[in-house]
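S.K.: The following block contains the structure, expressed as structure tokens.
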Amino acid sequence: MAARALGWLAIVALVGGLGAALGYAPREAVQGNVQRIMYLHVPAVLTAYLAFGLVVVGSVGYLLTRRPGWDRMALAAAEPGVLFTGVTIVSGSIWGKPTWGTWWTWDARLTSTAVLFLVYVGYLLLRGMVEEPDRRARYAAVVGILGAANIPIVHFSVKWWRALHQPSSILGPEPSPVAAPIMVALLVNWVAFTLLFAYFFAKRIEIARLEEPHAG
Amino acid sequence: MRDNWGYVFAAYAVAAVVLAGYWRHLARRAKVLTGREGAR
């Protein structure tokens, strides 16, 4: 029931976010309307960070307690995390073509994000390959924790290396130079994506519980 | 710079298809598993 309410809340927020991104937010002076992809691209990657952060919490929890609930939590966060990382990569690629003139370049940010995506795809594949539940959860927990070590590399790559990708405008140490309407549209979409993730997370936990052999 | 609305719509359309697809997958899986539980 709570998941259902979250789902409806996410839909309402996403519709509001779409309106803010494509209508309310002003046309950006340098890039034009193509910059509106940012309202999808940035919330998607921030949601992926949140998801993989929860994978770490669930993984550490499992390794410390061996309680399956922690493993379910890690799985339920990893799946949508991969999805949101995929959306980040594809939307970034579509944004890159008109602004950089290329769909893809081996820039530090792009490459580290692709590595993050592949590590967690590997995490999900690993889970599918190991049958014994405790061994599966232990192996997955190790990969889940090690994989998240890449998140600071993804985030700070634009600072640490000379990159084509622009530096962070929102989560940087300096006050954000972003204009208020742009920031509002971004925040609305960020909230909407977080709600959508919360729905996916709750639903996936429910499914993982039902999938267990002794469920019910 | 040209407005490139086509790229904007393409990005949002891909995201919508992926996220809606996952939503549908979860809904179907939950329905199947709940039915199985009910049949026990």
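The values are calculated or read from the model by the stated rules, or taken from the named source; none is laboratory data. Only a predicted model underlies this, so the values are computations on that prediction, with no experimental measurement involved. Cβ coordinates were reconstructed from backbone atoms using ideal geometry, including for glycine residues, and neighbour counts include every protein chain displayed.
S.K.: Looking at the stretch A:146-163, which of its residues are of a type in the set (D, E, K, R) and in contact (Cβ under 8 Å) with a residue 60 or more places away in the chain?
M.R.: The answer is none; no residue qualifies.
S.K.: So which of A:22, A:40 is over 13 Å from the mean Cα position of the chain (by Cα) and part of a helix (DSSP H, G or I)? If you could, list the steps in order and put the result at the bottom.
M.R.: On the way: A:40 fails: over 13 Å from the mean Cα position of the chain (by Cα).
Result of the check over A:22, A:40: A:22.
S.K.: Something else now. Among the residues of the stretch A:51-68, is there at least one that is more than 13 Å from the chain's Cα centre (by Cα) and within 12 Å of chain B (Cβ to nearest Cβ)? Lay out the reasoning, then the answer.
M.R.: As a first pass, look at the stretch A:51-68 and keep what is more than 13 Å from the chain's Cα centre (by Cα): A:56-68.
Next, from what is left, pick out any that are within 12 Å of chain B (Cβ to nearest Cβ): none.
No, every residue in the stretch A:51-68 fails to be more than 13 Å from the chain's Cα centre (by Cα) and within 12 Å of chain B (Cβ to nearest Cβ).
S.K.: For residue A:156, are the conditions met, namely being hydrophobic (A, V, I, L, M, F, W, C), farther than 18 Å from residue A:38 by Cβ, out of contact with any helix residue (DSSP H, G or I) (no Cβ under 8 Å at 6 or more places or on another chain) and surrounded by 15 or more Cβ atoms within 10 Å (Cβ to Cβ)?
M.R.: yes
S.K.: Also, quick follow-up: What about residue B:15, is it modelled with pLDDT of 95 or more and at the interface with another protein chain (Cβ under 7 Å from one of its Cβ atoms)?
M.R.: yes
S.K.: Looking for whichever is out of contact with any Pro (no Cβ under 6 Å at 6 or more places or on another chain), farther than 19 Å from residue A:87 by Cβ and surrounded by fewer than 19 Cβ atoms within 10 Å (Cβ to Cβ) here; the options are A:205, A:151. Which one fits?
M.R.: A:205
S.K.: A further question follows. Residue A:44 - would you say it is within 25 Å of residue A:148 (Cα to Cα) and crowded, with 23+ Cβ neighbours inside 10 Å?
M.R.: Yes.
S.K.: Also: List the number of the failed condition for residue A:32; all other conditions in (1) surrounded by 23 or more Cβ atoms within 10 Å (Cβ to Cβ); (2) more than 21 Å from residue B:17 (Cβ to Cβ); (3) within 14 Å of another protein chain (Cβ to nearest Cβ) hold.
M.R.: Every condition holds for residue A:32 apart from (1).
S.K.: If you don't mind, there's one more thing I want to ask. Kindly indicate which of A:99, A:88 is assigned to a helix (DSSP H, G or I), farther than 20 Å from residue A:194 by Cβ and within 12 Å of chain B (Cβ to nearest Cβ).
M.R.: Matching residue, one of A:99, A:88: A:99.
S.K.: Tell me the residue from A:145, A:153 that is modelled with pLDDT of 95 or more and either in a helix (DSSP H, G or I) or over 27 Å from residue A:6 (Cβ atoms) (or both), please. Steps first, answer last, please.
M.R.: Details: A:153 fails: modelled with pLDDT of 95 or more.
The match here is A:145.
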